[in-house]
Structure formats: C-alpha cells, structure tokens
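Asks: The structure is given below, and queries will be raised subsequently.
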Amino acid sequence: MPQPVPFVDYLVLGERPHLVARECTACGARFFDRRNACASCFGTSFTQVDVPTEGEVRAFTIVAHAAPGVPVPFVSATVDCAGTSVRANLINVAPTPEAVRLGMKVRLALTAVGVDQAGTEAISFGFEPRR
Amino acid sequence: MASDDVWILGISMTRFGKHPDSDLIDLAAEATMNSIADAGITMREIGILAAGNLRGGGGIGQALQKQVGQTGIPVYNVANACATGATAIRVVHMALRAGEADFGLAIGVEKLAGGERVGDSATWSPQGRFGAIGPLDGRIGTETMPGVFAQIGMEYGHRYGGTSFELFARISEKNHAHSTLNPLAS
Ligand SMILES: [Zn+2]
C-alpha cells in the first residue's frame with residue numbers, strides 16, 4: 001500500500017504530525033507559503049520552523065451554505081498556535097454555536113480526505129477540542 | 001472646463017437576481033444603455049471607459065464596447081475584490097479630473113450564480129503555493145467572503161472585547177432596511 005500523502009505541503013505526517021511554516025529570520029513573522037520578502041518587515045531570509053500543535057480558537061464561523069461539492073455544515077476557524085495564525089476547520093466537534101466558542105483550547109488532529117485511483121490515501125488536518 | 005467638479009449625469013443598475021438567460025455582457029449592456037439614456041448622451045460622447053469585474057476572466061470593457069458602441073476610446077478593465085465597481089468609478093473620475101476626457105463611463109458587473117468547487121483529480125498531485133492536492137475551500141477553512149468576514153468580526157470581538165453581536169445585527173438590520181427602498185433589490 002502506498003504511503004499516505006499530506007493534503008498540503010506544510011502538513012508533516014508520521015509519528016508526530018505537525019505543521020511547518022516559513023519564519024522571517026528578522027522579525028519572526030510566519031507564513032505557510034513561499035515569500036520573496038516578509039510582508040511585515042521586507043526581510044528576505046526565512047527559516048523553516050515547526051508550528052506548535054496546540055492553540056486556541058481566535059475566530060470561527062459555522063458555514064451553512066457553500067459552493068456545490070463542499071459538505072456543510074462545517075466550522076471554519078483561525079487558530080492561534082502560540083502566536084502562529086493557522087487557518088483550518090474545527091473537527092470532531094458539533095458545528096453548533098453551543099459547542100464552539102472563542103478562546104476554546106484545541107489541538108491538531110488528522111482527518112481522511114479520500115483515496116485516489118492509484119490507491120493513495122490523502123490526509124488533511126483540522127483542530128479538535130482539547131479535553 | 002474650468003471647474004474641478006465632476007458630475008454624475010446618469011446612473012442605472014440591473015435588477016438583482018440570478019439571470020440565467022443573461023450573460024455578463026448582457027447585464028453590463030443593460031446598465032450601460034440605461035445609464036447613457038439617463039444622462040441624455042450616446043456612446044459617441046464617452047471619452048473613457050472603465051469596466052469593473054472580478055470573476056469573469058477579463059476583457060469585459062472591450063466586449064461591452066462591441067455590444068453597445070465601439071469608438072476607439074481608452075478602456076480600463078479593473079478588478080479589486082469588493083471595491084471593483086468603486087475602483088472603476090475612481091478610474092473615470094481621475095481621468096476626467098486630469099482632463100483626459102469630458103465624459104466617461106464606469107461600469108461594474110458580476111455574475112456569481114452557478115459556481116461550484118472544482119472536483120478532485122484522479123490521482124493526488126500537489127499543486128500551487130500550498131502544495132495542495134485538492135481545493136482548499138471547506139477543507140482548510142472557508143474561502144467565501146461571508147465566512148471570511150464573519151471570522152474577521154469574531155476576531156475583532158475576541159481581541160478588543162465588548163463588541164456585541166447586537167451591534168453586527170444592527171448593521172445588518174440597517175442594510176436590509178435600505179434594500180427595501182430599492183425597487184431593484186431581490
Ligand atoms: Zn519579517
């Protein structure tokens with residue numbers, strides 16, 4: 001069976017799944033895509049860093065209507081992982097205003113995307129409540 | 001013209017709706033024909049055209065000219081997210097202020113109904129600047145503007161505190177009240 005592949009290249013699978021970011025060596029700003037210069041300080045030197053896997057919900061919205069093909073409802077959120085902003089779905093939690101709240105403590109969790117024609121499984125990430 | 005003032009001579013808009021039988025150019029043409037009729041002029045007088053559109057793929061200004069009158073004037077296609085139509089107005093306004101033309105036409109047109117998320121490919125292959133093997137919308141958060149702005153509002157409330165959701169509701173109530181005054185609202 002082929003190795004599972006991450007849904008995005010900044011998700012590292014394996015024993016200890018985590019996200020990686022590009023960090024500006026001058027000011028510490030972090031980005032999940034490549035940059036020619038830092039959006040904050042224009043510095044041009046970056047280093048790869050691991051993003052903490054625990055954080056708290058800084059913003060969320062429960063999406064009830066989306067383009068055809070997008071399963072709803074789902075919870076979209078911005079998670080603050082010790083200073084790094086991560087865009088993600090909240091998973092393993094009911095998509096209701098009662099179950100999700102600002103400041104909620106969450107942790108990185110994996111979720112299956114599907115299997116392609118070659119039999120390769122794709123794995124994505126979300127954040128789930130810390131209990 | 002000695003005055004720096006710029007006057008809006010005519011204005012028009014189409015009815016809000018999905019318009020399955022009209023394409024982008026039909027909608028732009030309807031608004032254009034009614035605007036120049038409202039102004040009491042023709043395309044002959046128009047000296048500059050700015051056409052705002054985000055999702056249509058470009059070249060709307062040229063296509064519109066073929067539909068309503070092609071006179072060889074400069075045309076500027078602009079795309080600027082929610083401010084696309086306002087940017088078209090600014091382009092015309094600045095051109096008039098600069099003395100490039102005496103009359104200008106600014107148009108904004110968008111057709112959003114009928115979109116859907118692109119399907120996954122048959123075999124996973126990383127694409128784009130996130131090395132994603134499929135569309136992100138709905139999987140890595142939301143990409144729709146209502147969702148993005150909802151999160152910005154939530155983050156504002158979380159960071160600064162005291163921002164009540166009553167306040168957001170009042171803004172919505174005010175906007176909907178305005179729409180009841182527009183006979184073209186859906
Ligand atoms: Zn920087």
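Asks: With +1 on each Lys and Arg Cβ and -1 on each Asp and Glu Cβ, and nothing else charged, work out how big the dipole of the protein assembly as shown is about its Cα centre, in Debye to the nearest 20.
Replies: Numbers: 26 positive and 30 negative charges, 124 e Å.
So the dipole magnitude of the protein assembly as shown works out to roughly 600 debye.
Asks: Another question about this same structure. Using a/c under 1.5 as the rounded threshold, could you call segment B:135-181 rounded, prolate or oblate? The axes a ≥ b ≥ c are square roots of the C-alpha gyration tensor eigenvalues, and prolate needs a/b larger than b/c, oblate otherwise. Don't skip to the end; give the middle numbers.
Replies: Values: a/c = 4.68, a/b = 1.33, b/c = 3.52.
In terms of gyration-tensor shape, oblate.
Asks: Rounded, prolate or oblate: which fits segment A:5-129 when a ≥ b ≥ c are the square roots of the eigenvalues of the alpha-carbon gyration tensor, with rounded for a/c under 1.5 and prolate only if a/b beats b/c?
Replies: Values: a/c = 1.87, a/b = 1.32, b/c = 1.42.
Oblate.
Asks: Now a separate question. Only helical DSSP H runs with n ≥ 4 go in: add -39500 (n - 2.57) per run for the protein assembly as shown, normalise by residue count and round the 222 nm mean residue ellipticity to 500 deg cm²/dmol.
Replies: Details: 5 runs with 70 residues, N = 317.
After summing the helix terms and dividing by residue count, I get -7000 deg cm²/dmol.
Asks: Let me cross-check A:THR120: its accessible surface, 1.4 Å probe, with only protein heavy atoms counted, in Å² to the nearest 10?
Replies: 20 Å²
Asks: Same structure, new question: Pop a pseudo-label 7 angstrom from the Cα along the beta-carbon direction at both A:THR96 and B:ALA83 and give the gap in nm to one decimal.
Replies: 4.2 nm
Asks: Assuming a ≥ b ≥ c are the square roots of the Cα gyration tensor eigenvalues, decide whether segment B:83-186 counts as rounded (a/c under 1.5), prolate (otherwise, with a/b larger than b/c) or oblate.
Replies: Values: a/c = 2.01, a/b = 1.24, b/c = 1.62.
It is oblate, given that a/c is not under 1.5 and a/b is not larger than b/c.
Asks: Also: Just how much of B:ASP102 is accessible, in Å², when a 1.4 Å probe is used and the result is rounded to the nearest 10?
Replies: The accessible area comes out at roughly 110 Å².
Asks: Further question: Give the percent of DSSP beta bridges with both residues in the protein assembly as shown that are antiparallel, rounded to the nearest 5.
Replies: Details: 37 of 49 bridges.
In the protein assembly as shown, approximately 75 percent of DSSP beta bridges are antiparallel ones.
Asks: I've got another one for you. Sort out the exposed loop trypsin sites (Lys or Arg not before Pro) in chain B (DSSP loop, at most 15 other Cβ within 10 Å) and tell me the longest stretch that has none.
Replies: Working: sites that count: B:ARG15, B:LYS18, B:ARG44, B:ARG55, B:ARG129.
The segment B:56-128 is the longest one with no such site.
Asks: If you place +1 on the Cβ of every Lys and Arg, -1 on the Cβ of every Asp and Glu, and leave all else neutral, what size is the dipole of chain A about its Cα centre, to the nearest 20 Debye? Spell out each step's value before the answer.
Replies: Working: 12 positive and 12 negative charges, 68 e Å.
Roughly 320 debye for chain A.
Asks: Now a separate question. Of the options B:ILE36, A:HIS18, B:ILE152, report the single residue whose Cα projects farthest towards the positive end of the charge dipole of the protein assembly as shown (beta-carbon charges: Lys, Arg +1; Asp, Glu -1).
Replies: A:HIS18
Asks: Which whole-number percent is the relative contact order of segment B:1-112 (Cα, under 8 Å, 6+ apart)? The partial results should precede the final answer.
Replies: Values: 182 pairs, mean separation 36.4, N = 112.
It comes to 32 percent, rounded to a whole number.
Asks: Moving on to the next point. With r as the distance between the Cβ atoms of A:ARG34 and B:ILE11 and R0 = 35 Å, compute the FRET efficiency 1/(1 + (r/R0)^6) and round to 0.05. Write down the numbers at each step before the final one.
Replies: Numbers: r = 44 Å, r/R0 = 1.27.
Approximately 0.20, to the nearest 0.05.
The values are calculated or read from the model by the stated rules, or taken from the named source; none is laboratory data. Every value quoted in this text rests on a predicted model; they were computed, and no experiment measured them. As a convention, Cβ positions derive from the backbone with ideal geometry for all residues, glycine included, and neighbour counts pool all protein chains shown. Surface areas here come from the heavy atoms of the whole protein model, side chains and all, with no ligands, DNA or RNA. Shrake-Rupley method; radii C 1.70, N 1.55, O 1.52, S 1.80 Å.
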